[in-house]
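Below you'll find the structure, written out as structure tokens, and then a few comments.
The values are calculated or read from the model by the stated rules, or taken from the named source; none is laboratory data. These numbers come from a predicted model, not from an experiment. Every residue, glycine among them, receives a Cβ derived from its backbone with ideal geometry; neighbour counts consider all protein chains shown. Only protein heavy atoms, including side chains, enter the accessible area calculation; ligands, DNA and RNA are left aside. Shrake-Rupley method; radii C 1.70, N 1.55, O 1.52, S 1.80 Å.
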Amino acid sequence: MGMTMTQKILAEHANLKEVVPDQFIEADLDMVLGNDITAPVAIKEFFKMGGKDVFHKEKVALVPDHFTPNKDIKSAEQCKYMREFAYDKDIKNYFEIGEMGIEHALLPEKGLVVAGDVVIGADSHTCTYGALGAFSTGVGSTDMAAGMARGKCWFKVPSAIKFELTGKPNKFVSGKDIILHIIGKIGVDGARYKSMEFMGDGIANLSMDDRFTIANMAIEAGAKNGIFIVDDRTRAYIQNHSTREFKEYTPDADAIYDEEYTIDLATIRPTLSFPYSPDNTRTIDEVEDIEIDQIVIGSCTNGRIDDLRAAAEILKGNKIDRKVRAIIFPATQKIYLQAIEEGLIKIFIEAGAIVSTPTCGPCLGGHMGILAEGERAVATTNRNFVGRMGHAKSEVYLASPAIAAASAITGKITNPEDII
Amino acid sequence: MKAKGKVFKYGDNVDTDVIIPARYLSTGDPKELRKHCMEDIDKDFAKNVEEGDIIVGRKNFGCGSSREHAPIAIKASGVSCVIAETFARIFYRNSFNVGLPIIESSEAAKKIEKDDELEIDFQTGEIRNLTKNEIYKGQPYPEFIQKIIENEGLVNYVKSNL
């Protein structure tokens, strides 16, 4: 029976010739990831399991990114616990804040994930690395602990949905608009337990940053993973960032997909998700006047250089509305530096935004931009659940960097086409 | 093993941000987490929940963040079981891993109402609604999951396989 890309990667990592949907397997792991919220819980479980050393010192990554720079004493204690474990176990991929970044932007940038890998991370957005042609998925802390101890993880082999992307997106239509469009179409549980596999000639028109954004939000459709077929752009990215060998997988011609969608990227309009669910989508053309209090540009979803460039293009020479708080946070130190060198940070500050060190802070309502009761934000983040960015009666509108930047200028949700 | 308790009923897509908001994640201590369990959608949950009570949701229960703090907070609240039509996959894994019993049953999730009194037999997968005098059947667990349940979570399972 034909296999999907995901099934082929899993079969090979489980030393099996073939796997079928719903089969339980145990697969070898190429990387196990945790952060300052999930790793402390995992480390305690690791010791309860009788763990002594981690299975491989270079195949565990610990990134303090959520509540860092430490937002309070409790967070500082959690980071300290993780840091001490990292040094004690000689974990090579521990990144202190000076060289850190938001984990899912950082790992590809450091070349720690390549095509064909199997990766688990105690963070739901671990699915981001599917952009590189890897199988990667979010798990909890106990699975992370078991992964650190054994270098293996159990999986139920997923079935899959195929997304055949064609055509070229219009200006101001980014990876974010594409994935929000898809989530709006299939719903927040539309791909529950399944793989979302992206292929088709439209992919050549998507930058790697667009693909990271799309794979990143596969979890918002309930998916186990999102994965892209590897092309020249992927190969170039991996070769520029990593010295590791990589392996490309393509779906078998007779691979079985539960559903197949063909999406012409040229037909997608700039898209937002309204509160309180990522599948509550509207195109920009359907949005009436909605006044906002804050915009946030950044996160593991949209804090990469393409995202900052898109925001700068719109903010250049403009002033942010005096009632709007604009918070921009590059996803890694490297991206931050690049943005300085390209003059983007100057544009942001002159427009009236603040620029923060990399952190997950505002996205999950941790710190650096919490909303009060009744406040509204346009955010390039990934979730707009009740209370996600602060008060249970605040509202988050998910959108692209271009929409967020345009909205910052006018003080209400705005089509970037109306600014430029 | 059996469980008995009254029902807290919720709708579709109960996400882990409302089960335990991130603002409380600067600790993994179950006793701290239980104080804030469900507070953004049911502010009196922590006050009203009693040992053995049962949470019933509809579709895609536990979607969103992978935080294991969510099933930990529910378990620490004394909840004996979560029933839903379907569960989000990370929450599903995490629940077995931390030893929080969960049951998938469309019929149960549709028919059970707030404050119903339930009795659950985990051996047979039978859910008895004492208030309505009805019986529902849960989906049987896959064999692999049964092994984790028998070990009362992944920690013991790994311990015996390390």
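Please specify each residue of the range A:64-76 satisfying the condition of being away from every other protein chain (no Cβ under 11 Å) and surrounded by 24 or more Cβ atoms within 10 Å (Cβ to Cβ). Give the steps one after another, and end with the answer.
Within the range A:64-76, the subset away from every other protein chain (no Cβ under 11 Å) is A:64-65, A:68-69.
Correct list: A:P64, A:D65, A:T68.
To keep it simple, each residue is scored yes or no on (1) over 22 Å from A:R388 (Cβ atoms); (2) open to solvent by less than 20 Å² (accessible area, probe 1.4 Å); (3) assigned to a helix (DSSP H, G or I).
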position: A:C153; (1), (2), (3): yes, yes, no
position: A:K162; (1), (2), (3): yes, no, no
position: A:K171; (1), (2), (3): yes, no, no
position: A:K176; (1), (2), (3): no, yes, yes
position: A:I182; (1), (2), (3): no, yes, yes
position: A:V188; (1), (2), (3): no, yes, no
position: A:M196; (1), (2), (3): yes, yes, no
position: A:T234; (1), (2), (3): yes, yes, yes
position: A:I238; (1), (2), (3): yes, yes, yes
Selection over the range A:64-88 where residues are not in a helix (DSSP H, G or I) and not hydrophobic (A, V, I, L, M, F, W, C) yields a count of 8
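From the residues in the range B:139-157 that are touching a helix residue (DSSP H, G or I) at 6+ places or on another chain (Cβ under 7 Å) and not aliphatic (A, V, I, L, M), which one is most open to solvent (accessible area, probe 1.4 Å)? Walk me through it before giving the result.
Initially, the range B:139-157 is screened for residues touching a helix residue (DSSP H, G or I) at 6+ places or on another chain (Cβ under 7 Å), giving B:141, B:145, B:147-149, B:151, B:153-155, B:157.
Among the residues that remain, those that are also not aliphatic (A, V, I, L, M) are: B:141, B:147, B:151, B:153, B:157.
Details: B:Y141: 50, B:K147: 92, B:N151: 46, B:G153: 2, B:Y157: 30 Å².
Here the answer is B:K147.
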If we keep only residues of the range B:6-32 that are part of a loop (DSSP other than H, G, I, E, B), among the small types (G, A, S) and within 7 Å of another protein chain (Cβ to nearest Cβ), then the residue nearest to the chain's Cα centre (by Cα) is B:G28
Exercise for review: Might you check whether a residue that is under 25 Å from B:N94 (Cα atoms) and under 24 Å from the mean Cα position of the chain (by Cα) occurs anywhere in the range A:18-28?
Suggested key: yes
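Considering only residues that are touching a Cys at 6+ places or on another chain (Cβ under 7 Å) and surrounded by 24 or more Cβ atoms within 10 Å (Cβ to Cβ), which ones fall in the range B:44-76?
Initially, the range B:44-76 is screened for residues touching a Cys at 6+ places or on another chain (Cβ under 7 Å), giving B:45-46, B:54, B:73-74.
Those that are touching a Cys at 6+ places or on another chain (Cβ under 7 Å) and surrounded by 24 or more Cβ atoms within 10 Å (Cβ to Cβ): B:I54, B:A73, B:I74.
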A careful count of residues in the range B:58-94 that are in a loop (DSSP other than H, G, I, E, B) and facing another protein chain (nearest Cβ under 9 Å) gives 9
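Residue-by-condition table, conditions (1) open to solvent by less than 20 Å² (accessible area, probe 1.4 Å); (2) not in a loop (DSSP other than H, G, I, E, B):
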position: A:K44; (1), (2): no, yes
position: A:D53; (1), (2): no, no
position: A:L62; (1), (2): yes, yes
position: A:D90; (1), (2): no, no
position: A:P108; (1), (2): yes, yes
position: A:G116; (1), (2): yes, no
position: A:A131; (1), (2): yes, yes
position: A:T137; (1), (2): yes, yes
So, first residue more than 9 Å from chain B (Cβ to nearest Cβ) in the range A:42-56, second residue assigned to a loop (DSSP other than H, G, I, E, B), Cβ within less than 7 Å, six or more apart or across chains; the pairs are A:D53/A:K89; A:V54/A:K89; A:V54/A:I91; A:F55/A:G151; A:H56/A:G151
Scanning the range A:370-420 for residues that are of a type outside the set (G, A, S), within 17 Å of B:D17 (Cα to Cα) and in contact with a helix residue (DSSP H, G or I) (Cβ under 8 Å, 6 or more places away or on another chain) gives A:I370, A:T381, A:N382, A:R383, A:F385, A:V386, A:R388, A:M389, A:L398
